[in-house]
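Visitor: So that we are looking at the same thing, I have put the structure below in C-alpha cells.
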Amino acid sequence: MGLLTIGNNIQMYYPDGYDKVDKYGDQLLNDGLYHGVDLIKEGVTFKNSLLIDAGAYVGWFTHWALLQGVSSVLAFEPLAKNFVCLHNNLKKHNWQNTHVFPYALVDTPKILGMHGLGQKSTIIELPSNQSFSDATVGMSIDAFHLDESDPLIIKMDVEGSESLLIKGAANLLSQRVAEKRDTTLIICVYHYTDQCADVKKLIQEYTGNKFSYKEVGSIDNNTALLICGGGVD
C-alpha cells in the first residue's frame, strides 16, 4: 500500500503495484467528470443525500461526493487489498458520517470468491466448506433495512454484477417509489453488450414507470452510464 497523488494534490492510499496515474480519479477530482460524464449537469443532486458507493475501490468517488455535500455514505469494497486502502483513506481524510464495508453487494447473502482486478475480475459463489484466498461476503442492500427519508443515490460500478445488486435492492427501490422518496441510480453499463437493456428491464419491474432514464456515453468507448431518477412526482 502506498500514497498516490490524484486530482488537486489529494493523496490517497492505493494497493501496491497500482499505476502511478489514476485517470478516473483524476478526472473526477479535477473536472467533476465520472467516466467522462458531468453528473451535476445531468441533474444528480448530491447535497443532503445518502450515498451508497458500491464498488468503492479506494474511495475517490466517496471523497468527491462528500465535497459535493452528501450527508452520509455507505461504501462497499469486497477486494481485501482495496478495502484496506479504503479504510485508511477514511481515516486519513476524516470522512464524516461514512461507513465502509468489506462486502460485495449482490442479490442474496452468500460467500463469494474474487478473481482478478477491475474489468478483468470475476465473482464466483463458493460452497460453504471451500476456502479461497480472496473470499468475501456478498450481501444485499435490502439486508441492511435502510429507512432513510433523505434523497438516496446508489452509485454502482461492480464489474458487470450491477443486475445482481439491483435484484438485491428490489424491496428498497419499490418502497422508495411507493413513498415518493427521491432516488437516483448511477449505473455503469459498459461491461457487456446487453447490460443496459437488462438493467432497465429490472428497474422497470421494481419501480414501474416512476423512473426516468438517461443513457449517457457510449458502450463502445467503455464510458457508458445509465442514470435513473425517480420517486418524486
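Visitor: Residues of the stretch 14-23 being at pLDDT 85 or above and farther than 19 Å from L90 by Cα, which ones?
Guide: Correct list: K23 only.
Visitor: Scan the stretch 1-13 for residues that are in contact (Cβ under 8 Å) with a residue 40 or more places away in the chain, more than 14 Å from H93 (Cα to Cα) and either in contact with a strand residue (DSSP E or B) (Cβ under 7 Å, 6 or more places away or on another chain) or not in a loop (DSSP other than H, G, I, E, B) (or both) and jot them down.
Guide: M1
Visitor: Hey, among the residues in the stretch 55-103 that are of a type outside the set (V, I, T), touching a Ser or Thr at 6+ places or on another chain (Cβ under 9 Å) and assigned to a strand (DSSP E or B), which one's surrounded by the most Cβ atoms within 10 Å (Cβ to Cβ)?
Guide: If we take residues in the stretch 55-103 being of a type outside the set (V, I, T), touching a Ser or Thr at 6+ places or on another chain (Cβ under 9 Å) and assigned to a strand (DSSP E or B), then A75 is surrounded by the most Cβ atoms within 10 Å (Cβ to Cβ).
Visitor: Tell me which of these G7 doesn't satisfy, since it passes every other one: (1) on the phi > 0 side of the Ramachandran plot; (2) surrounded by fewer than 16 Cβ atoms within 10 Å (Cβ to Cβ).
Guide: Tallying (1) on the phi > 0 side of the Ramachandran plot; (2) surrounded by fewer than 16 Cβ atoms within 10 Å (Cβ to Cβ), G7 fails exactly one: (2).
Visitor: Given the criteria over 24 Å from A143 (Cα atoms), touching a Ser or Thr at 6+ places or on another chain (Cβ under 8 Å), of a type outside the set (D, E) and without any contact (Cβ under 8 Å) to a residue 40 or more places away in the chain, does L33 qualify?
Guide: no
Visitor: Here's something else I'd like to know. Quick one: how many residues across the stretch 135-173 are in contact with a Ser or Thr (Cβ under 7 Å, 6 or more places away or on another chain), modelled with pLDDT of 85 or more and not aliphatic (A, V, I, L, M)?
Guide: Of the residues in that region, 3 qualify.
Visitor: Collect the residues in the stretch 10-54 that are among the polar types (S, T, N, Q) and either under 20 Å from C188 (Cα atoms) or open to solvent by less than 60 Å² (accessible area, probe 1.4 Å) (or both), keeping them in residue-number order.
Guide: Once the filter is applied, which keeps residues that are among the polar types (S, T, N, Q) and either under 20 Å from C188 (Cα atoms) or open to solvent by less than 60 Å² (accessible area, probe 1.4 Å) (or both), the stretch 10-54 yields Q27, T45, S49.
The values are calculated or read from the model by the stated rules, or taken from the named source; none is laboratory data. Predicted model only: the values in this text are computed from it and were never measured. In this analysis, Cβ positions are derived from the backbone assuming ideal geometry, glycine residues included, and neighbour counts consider all displayed protein chains. Side chains included, ligands, DNA and RNA excluded: accessible areas come from the protein's heavy atoms. Shrake-Rupley method; radii C 1.70, N 1.55, O 1.52, S 1.80 Å.
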